[in-house]
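The values are calculated or read from the model by the stated rules, or taken from the named source; none is laboratory data. Since this is a predicted model, take the numbers as computed values, not measurements. When we count neighbours, we look across all protein chains shown, and the Cβ atoms used for this are built from the backbone with ideal geometry, even at glycine. Quick note on the areas: whole protein, heavy atoms, side chains included, nothing else; ligands and nucleic acids left out. Shrake-Rupley method; radii C 1.70, N 1.55, O 1.52, S 1.80 Å.
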Amino acid sequence: MAAPRAGPRLLLRARGRPRAPSAPRSAPAWYPQPPRPGGPGRGSILGPAGPWSRQEALGLLEAAVVYRAGPLVAVSKPPGLAVTGSPGQLSLVSLLPDLSQRLSLPPELHVVKAAGKDSSGLVLLSSCPGTTQQLHAFFTQLRRAGRPPATYRAVTARVPAAVEGEIRTGLKLEQVGDLQLAVPVAAPSRRSVERKEVKQTLTRYKVLGAAPGCGLVQLQPMTAFPSQLLVHLTLLLCPALGDHVYSARVGTVLGEPFLLPAGSALPRTQVLGEQLLRRLRLTQLLLHRLPLHLHLHQLLLPTAILTAPPPPFFLQTLRLLGLPGGQSAP
């Protein structure tokens, strides 16, 4: 008998069949990585062959500018490049002084909004603290008005049961070994929320396309919490491809998915079914190299809509799985 599906409260509403997204723009010619002996080719879904040297990382970012106006510049970040890091560690912030010089910008360049370390996609930078403050206020106003400022795309193992809906749950951080992991709290107490031990989170989602055993899902976070989107996808029982941390929380019994308690599902290399592996042309032994298929695709600004095309490994996955948008894969 299949195990019951358990988990925090989800608000789902179905509205007909998924629609295909508009065709993505061409990806930057440099992406996903500079040529390396023995590295995966441009058509590989194994993604960037990090770690990069400082000069390589600067070259990647300089070549990936997607927007520039006044004090603002936006680039498309490869997965695996952390936004911040320890002193001496390569990160986006550590590269900003040299990047501002290469782009002929003031040296005070700083991050306004960025895709997380393991995600790909938009990074919005500013050289004006006043502009940054105005943008943060603008993003807050959008959320209060019910308009999501950021739109992500994810390739998922399995397809959500409803075509579109909302995921609402409390989230808290727990230390597991060397990692701080986000853990869902189905019914947090008022006191835990007031003391900021738990945060109420909300993500809107929409299925853009589906194929056997996988989907292309649009995600619009209305709140901000570490790993919010990855945890919310597990609550839908549809973890993102390349999620080697939270996907372990989704188990299967006789082919039926169910949610495992967060405390008993320690991070490990994602496990995919044989059919999906064959279509991806991978083996389970190579899956640890599969990058996270979560991409910060679009960001709303007061006078513009920024868009970053998905990287080639993402497009190649769409093509191999028969999902919309893969026609632009190399």
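Relative contact order of segment 54-147: 26 percent, from C-alpha pairs under 8 Å at least 6 residues apart in sequence. When Phe225, Phe314 are compared by accessible area at a 1.4 angstrom probe, the order from most to least is Phe225, Phe314.
What's the carbon and sulfur percent of segment 152-289's accessible surface, probe 1.4 angstrom, rounded to a whole number?
Exposed carbon and sulfur together represent 53 percent of the surface.
If you take all other residues with their beta carbon under 14 Å from the beta carbon of Val93, and give Lys and Arg +1 and Asp and Glu -1, the sum is +2.
Carbon-plus-sulfur accessible fraction, segment 54-147 (probe radius 1.4 Å, protein heavy atoms only): 51%.
Just so you know, the Rg over Rh for segment 172-269 is 0.97, from Cα atoms, with Rh as the Kirkwood radius.
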